[in-house]
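Read-outs: derived from the displayed coordinates by stated rules, not from any lab. Remember, predicted model here, so these are calculated numbers, not experimental data. So basically every Cβ, Gly included, is an ideal-geometry build from the backbone, and we count neighbours across all protein chains shown.
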Amino acid sequence: MTAIFMHLSDIHFGQEKDGGRITINDDAKEQLLEDAAAEIAKLGKSATGIIVTGDIAYAAKYEEYAKAGKWLDRLAERVGCSRLDIQMVPGNHDIDRNAITPITKFHLDAVREHGDKMLDMLLDDEVQREVLYERFAAYRDFSSGYGCDLDVGGAYSADVVVTVAPERTVRFVYLNSALICSLKDDEGKLILGARQRVFTPIDGEEMVVLVHHPLNWLQDSDEAARYFKSRARVIISGHEHFPSLTIMAVEEECDLLMLAAGATAPDDIDEKYTYKYNILTFDWDDGSDALAVTINPRTWNFEMKRFERDSRFLEGRSERNVLGSPYFRRGVSPVAPVQGVVDEQPQAHAVANPITGSTEVDFSMTEDVRLVRLRFFRDLPEDGRRRILVELDVIPADLTDRLDHTIEQRFFAKLVAQGRLGELSAAIDAAILEHKSGEDE
């Protein structure tokens, strides 16, 4: 069972400030759609999903995420996966710098100076931690639509598990390296925090860590690296806009692959930085009972104005990397696939964080529920969601308090648990139609 993912990073929707640049970047994004569809067709099967390692937007505004959502829908359609099967983590451009007040900056500076102790103090206080997460308001709405919620307790976020063979799964772990990003971020000053560094391994399962900043941007990089080397098999990052690949032999029959992505839409285009993305394939190597990762790096051909294979990126390596996988070997012995049997198309399944229990819900997360969730949180602005909650008698019309993201999620879950998904879906339809009519006038 081969799992195929489109890997994008640093798309920066909204970065363009003039019509010419918009035209050029929009053309590159259209060419990416064409190239991705052609490459997937060569593989003879649909993509399992899409991964975005941060900086989806440029200034973390609702309008930027609205454009990103429409484009990601088109990419999902072209590569044959559901538009619901998109995984993401935030980057430094996914924080709203306009929301950094003097008190916010004071807290962020204190965390940088005092480290885990100060971060834990803020995260343990429900009021204070909202100061940290308010900068992610638009990103939280967008990512929640996909089920990629930020854990406001400071732990790593909701996971997705993909089966690559009987008794062999790959778990994707989401880290928020932008947690203490401020007005200006220096290399080596950011912090993951203890709650994100610690994740529990499971026999028969290998972990793929998604994070925006490479380790060298973190104060706690040494401690984070110890956990990663012990428990992760792959780390996928972005931010630096220039791709790199490192495979570390941690110990005998235990490897760690670190893939840093180029930018899908970099700030500037020159000899070093250009449009890039990857097609990643995860499968089980039955001969060594190991996770195999195949990388098809795609880069922009400046002369021909199209994407092509980035032959220089792999530096003579094989595109398929079989990684020593100790947690696979600790699992129940799998059954090798029978020759001649068609390879099944793996599906990505959301599971709860085994430490915090995040993503546990009181109702069945069906395809219909996931679709309504996507449309409610991603496709409606905050005032649109509030009007619906009033219309459905969830909140009183005269309520003046602002609804924070966590409360909105609880109201959504309440409506679903009450069997009112159809009402909510109809209300969303009406709100989107009204919004579209207003744009057309």
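Computed quantities for the displayed model
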quantity	calculated
222 nm mean residue ellipticity, helices alone, for the chain (DSSP H n ≥ 4; -39,500 (n - 2.57); rounded to 500)	-11000 deg cm²/dmol
Equivalent-ellipsoid semi-axes of the stretch 37-76, from the Cα gyration tensor, Å, largest first	26, 10, 7
Among Val173, Val250, Val111: highest mean-square fluctuation, GNM of the chain, C-alpha pairs under 10 Å	Val250
Modelled label reach - Arg97, point 7 Å along Cα→Cβ, the stretch 176-205 residues with backbone N closer than 20 Å	177-191
Helix 102-114 axis, angle to the chain major axis (alpha carbon atoms, nearest 10°)	30
Gained length - Val198 relative to Val127, 0.36 nm times residue gap less alpha-carbon distance	23.1 nm
For the stretch 263-334 and the stretch 7-72, distance of Cα centres in Å	18
P(r) histogram, all alpha-carbon pairs of the stretch 367-440 included - 5 Å bins from 0, percent	3, 16, 30, 26, 16, 7, 2, 0
Length added when fully stretched, Asp286-Asp404, from 0.36 nm per residue minus Cα-Cα	37.7 nm
Positive-pole candidate from His12, Trp300, Leu403, dipole of the chain, charges at beta carbon	Trp300
Rounded to 10°, Cα long-axis angle of helix 421-440 versus longest principal axis of the chain	80
The stretch 3-351: relative contact order as a whole-number percent, Cα under 8 Å and 6+ apart	19
Farthest toward positive dipole pole in the chain [+1 Lys/Arg, -1 Asp/Glu at C-beta], among Ala430, His212, Ile202	Ile202
Spin-label model distance (nm) - Asp383 vs Ala417, 7 Å beyond Cα toward Cβ	3.1
FRET efficiency estimate (nearest 0.05) - Cβ-Cβ, Lys184 to Glu434, R0 35 angstrom	0.30
Residue pairs, from the table Lys17/Lys189; Lys61/Lys117; Lys61/Lys105; Lys189/Lys229; Lys29/Lys105, whose Cα atoms sit over 27 Å apart	Lys17/Lys189; Lys61/Lys117; Lys29/Lys105
In sequence order, calculated HN-Hα J values of the stretch 38-54 (Karplus, 6.51, -1.76, 1.60; Hz; x Gly/Pro)	5, 5, 5, 4, 5, 7, x, 8, 7, 6, 7, x, 10, 10, 10, 9, x
Exposure proxy order (Cβ contacts within 10 Å, fewest to most) of Leu175, Leu72	Leu72, Leu175
FRET efficiency estimate (nearest 0.05) - Cβ-Cβ, Tyr273 to Asp27, R0 22 angstrom	0.80
Cα centroid of the stretch 170-211 to Cα centroid of the stretch 366-399, whole Å	30
Hydrodynamic radius (Kirkwood) for the stretch 3-351, which is based on Cα pairs only, to one decimal in Å	20.6
The stretch 190-198 - phi-based ³J(HN,Hα) in whole Hz, Karplus 6.51/-1.76/1.60, Gly and Pro as x	7, 9, 7, x, 4, 5, 8, 5, 9
